[in-house]
Amino acid sequence: RAKDAGRDQVCFFDPAMQTEVLERAMLLRDLRQALDNDEFCLFYQPVVDGQQRILGVEALIRWQHPQLGMVSPATFIPLAEDCGLILSIGQWVLKTACLQLASWAQDPERADWHIAVNVSARQLNQDDFVDQVAAIIDSTGACAARLRMELTESMLQENLPRTISKMRILRQMGIRFSLDDFGTGYSSFSYLQRLPMDQLKIDKSFIDHVLTDANDAAIAGTIVALGRTLGLGVVAEGVETVEQMRFLVDSGCQVFQGYLFGRPVEAAALGRSRQVLAAS
Ligand code: C2E
Ligand code: MG
Ligand code: MG
Ligand code: MG
């Protein structure tokens with residue numbers, strides 16, 4: 001924009017950009033207080049099988065800002081990652097999810113549900129991450145076998161041997177790992193084989209156009225086949241329509257997540273999933 005202003009005008013900062021920087025600074029200031037002020041909560045989105053039975057949930061953080069209302073994690077998680085706050089927020093997420101698991105263990109209808117938490121690179125890269133997780137499992141009484149961690153391909157680029165050894169220890173404790181947003185990164189076949197993963201999550205961007213874009217349909221089908229070859233489970237995320245689900249079922253996908261089955265909601269609002277596809 002400084003360019004548009006013309007040569008005779010010196011414009012260091014356009015107003016829109018200034019607003020953005022100020023907003024970011026204010027958001028950051030408020031984010032530092034958010035944990036102490038108890039402004040975060042976890043929403044849970046169902047993960048279902050082909051019969052639309054709930055297998056478990058993904059925990060998705062929500063920030064109820066006192067003035068702005070709900071702030072999307074897509075906005076504040078990157079901010080928290082930049083300033084290091086993600087470490088304490090991430091611990092809070094793990095602890096809250098484990099408390100939820102311990103509480104569901106008493107409920108026969110929910111005792112076998114898993115909870116998947118999203119873990120950031122900076123969290124996983126902490127030297128004492130494994131100890132932190134063990135302490136949280138211990139103090140909450142959660143069953144580690146019901147806890148799942150979602151990692152992304154990009155965060156597995158550096159420190160790979162260290163990351164793999166941490167994952168191995170956590171897996172020995174019973175924790176399972178999913179590769180989130182799969183297909184958007186650069187994983188090679190040999191790299192995937194080295195990772196102690198349990199599950200691939202097909203990124204929503206492929207599911208979105210699975211009925212209209214032959215490439216996306218081929219990629220989704222290929223990921224399902226890849227999962228089978230590597231002995232990994234495959235989840236389709238962001239399923240919104242019955243037609244998308246039918247296509248995925250025909251491709252061999254057996255686990256699903258998306259608005260079709262339920263949006264992320266508070267734990268108390270998690271019900272039995274609606275039957276959206278007639279049994280056949
Ligand atoms: P993600 O882990 O890939 O989570 C899936 C996102 O897709 C969620 O957005 C979910 O609400 C949304 N989604 C699921 N099904 C559908 C659908 O059918 N249609 C549409 N339009 N959207 C769907 P959300 O909750 O806004 O979270 C965005 C991202 O923020 C997450 O992507 C994850 O990367 C990050 N995030 C959320 N919670 C946490 C957390 O506790 N810790 C960390 N480190 N990151 C988190
Ligand atoms: Mg996720
Ligand atoms: Mg995802
Ligand atoms: Mg995502």
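Readers should treat all values here as calculations from the given coordinates under stated rules, not as data from a laboratory. Here the structure is a predicted model, which is why all the values come from computation and not from measurement. Here the Cβ is made from the backbone with ideal geometry for all residues, glycine too, and neighbour counts use every protein chain on show.
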What is the residue count in the range 67-81 for residues that are free of Cβ contacts under 8 Å to residues at least 24 places away in the same chain and either near ligand 1 (Cβ under 8 Å from one of its atoms) or not hydrophobic (A, V, I, L, M, F, W, C) (or both)? 6
Of a type in the set (A, V, I, L, M, F, W, C) and within 15 Å of Arg171 (Cα to Cα): does that describe Ala102? no
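Let me confirm something: among Gln123, Gln52, Gln100, which residue is touching a residue at least 60 places away in the same chain (Cβ under 8 Å), surrounded by 19 or more Cβ atoms within 10 Å (Cβ to Cβ), farther than 30 Å from Asp250 by Cβ and not aliphatic (A, V, I, L, M)?
Values: Gln123 fails: touching a residue at least 60 places away in the same chain (Cβ under 8 Å); Gln52 fails: farther than 30 Å from Asp250 by Cβ.
Matching residue, one of Gln123, Gln52, Gln100: Gln100.
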Exactly one of Gly50, Gly84 is of a type outside the set (A, V, I, L, M), at positive phi and in contact with a helix residue (DSSP H, G or I) (Cβ under 8 Å, 6 or more places away or on another chain), and that residue is Gly84
In the range 148-162, is there at least one residue being away from ligand 3 (no atom under 16 Å from the Cβ) and crowded, with 17+ Cβ neighbours inside 10 Å? no
Every residue in the range 221-241 that is more than 16 Å from ligand 4 (Cβ to nearest atom) and in a helix (DSSP H, G or I), please. Gly221, Thr222, Val224, Ala225, Leu226, Gly227, Arg228, Thr229, Leu230
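Somewhere in the range 78-91, is a residue over 23 Å from Leu147 (Cβ atoms) and either touching a strand residue (DSSP E or B) at 6+ places or on another chain (Cβ under 6 Å) or surrounded by 14 or more Cβ atoms within 10 Å (Cβ to Cβ) (or both)? Steps first, please.
In the first step, residues of the range 78-91 are kept if they are over 23 Å from Leu147 (Cβ atoms); the result is 78-79, 82-84.
Still in the list and also either touching a strand residue (DSSP E or B) at 6+ places or on another chain (Cβ under 6 Å) or surrounded by 14 or more Cβ atoms within 10 Å (Cβ to Cβ) (or both): 79.
Within the range 78-91 (the criterion being over 23 Å from Leu147 (Cβ atoms) and either touching a strand residue (DSSP E or B) at 6+ places or on another chain (Cβ under 6 Å) or surrounded by 14 or more Cβ atoms within 10 Å (Cβ to Cβ) (or both)), the answer is yes, since at least one residue qualifies.
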Test Arg110 against the criterion of being part of a loop (DSSP other than H, G, I, E, B), buried (at least 17 other Cβ atoms within 10 Å of the Cβ) and of a type in the set (Lys, Arg), and give yes or no. yes
Residues (over 22 Å from the mean Cα position of the chain (by Cα) and in a helix (DSSP H, G or I)) located in the range 201-220: Ala214, Asn215, Ala217, Ala218
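Would you mind finding the one in Gln132, Gln91, Gln123 that is out of contact with any Cys (no Cβ under 9 Å at 6 or more places or on another chain) and within 16 Å of ligand 2 (Cβ to nearest atom)?
Values: Gln132 fails: within 16 Å of ligand 2 (Cβ to nearest atom); Gln91 fails: within 16 Å of ligand 2 (Cβ to nearest atom).
Going through Gln132, Gln91, Gln123 in turn, the sole match is Gln123.
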Residue pairs meeting the criteria (Cβ under 6 Å; at least 6 apart or on separate chains; first closer than 16 Å to Arg246 by Cβ, in the range 208-221; second among the aliphatic types (A, V, I, L, M) and assigned to a helix (DSSP H, G or I)): Val210/Ala217; Val210/Ala220
